[in-house]
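One structure below.
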Amino acid sequence: MTREEFATLAVGYLPDVTAYARRLTRTRSDADDLVQDTYDRAFGHWHELRDLRSCRAWLLRIARNLLTDHARSVAARPELWLVAGTDSSEIQPTVSAESVERLDARQLEAALTQLPDEQRETVLLCDLWGFAYGEIAEIMGCPLGTVQSRIARGRAALVALLAAETAAHGRRRGS
């Protein structure tokens with residue numbers, strides 16, 4: 001495979017990498033930076049891609065590893081905040097649909113943001129992007145059993161969030 005062939009293949013996965021990065025970082029600018037860094041790293045190591053069929057998973061793993069490295073770096077040298085206050089990104093919208101079938105994209109995003117990062121990521125990789133459990137384990141660099149339990153816990157948490165919101169919605173309607 002030539003560099004040009006790799007470029008054509010990798011760029012074809014740009015929408016998937018962008019969507020994955022946006023859901024991992026939760027902000028558009030951070031996601032754009034992550035996508036750029038991912039492709040920078042991928043093009044620097046394109047010759048290391050062993051199986052062309054796993055290019056998408058390889059790109060997502062690069063993105064995840066870069067994000068993990070960044071998180072470790074930030075934790076090692078925390079930022080100084082001069083003004084204390086509430087961060088608007090910490091305010092989580094509630095899920096307002098009565099069932100999963102009636103959720104629109106924004107409502108589903110809101111429910112997903114309430115999950116712990118590891119659960120959200122595994123549920124997205126499995127249920128949105130259709131990766132097999134083994135592929136998810138490879139992308140995330142963790143054992144298969146860990147992937148399975150994160151998916152199960154993430155799905156159960158989503159059901160609980162939706163059930164709680166449905167009950168609250170019902171009480172609001174009844175009053």
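The values are calculated or read from the model by the stated rules, or taken from the named source; none is laboratory data. The structure presented is a predicted model; accordingly, all values stated were derived computationally and were not measured. With ideal geometry, Cβ positions are generated from the backbone for all residues, glycine too; neighbour counts draw on all protein chains shown.
Checking ASP33, ASP40 one by one, the residue that is outside the structural domain of GLU118 (by TED's automatic domain parsing), surrounded by 13 or more Cβ atoms within 10 Å (Cβ to Cβ) and at pLDDT 90 or above is ASP33 and no other. Tell me, yes or no, whether region 27-37 has at least one residue that is closer than 19 Å to GLU138 by Cα, of a type in the set (Val, Ile, Thr) and in a helix (DSSP H, G or I). No, region 27-37 contains no residue that is closer than 19 Å to GLU138 by Cα, of a type in the set (Val, Ile, Thr) and in a helix (DSSP H, G or I). Consider region 1-30 and keep the residues that are among the small types (Gly, Ala, Ser) and modelled with pLDDT of 90 or more. The one that is farthest from TRP129 (Cα to Cα) is ALA7. Restricting the first member to region 9-27 and to residues that are of a type in the set (Asp, Glu), and the second to residues that are surrounded by fewer than 18 Cβ atoms within 10 Å (Cβ to Cβ), the beta-carbon pairs closer than 8 Å and six or more apart or on different chains are ASP16/TRP129. Name the residue that is surrounded by the fewest Cβ atoms within 10 Å (Cβ to Cβ), counting only residues in region 43-57 that are among the hydrophobic types (A, V, I, L, M, F, W, C) and within 18 Å of the chain's Cα centre (by Cα). Within region 43-57, the match that is surrounded by the fewest Cβ atoms within 10 Å (Cβ to Cβ) is CYS55.
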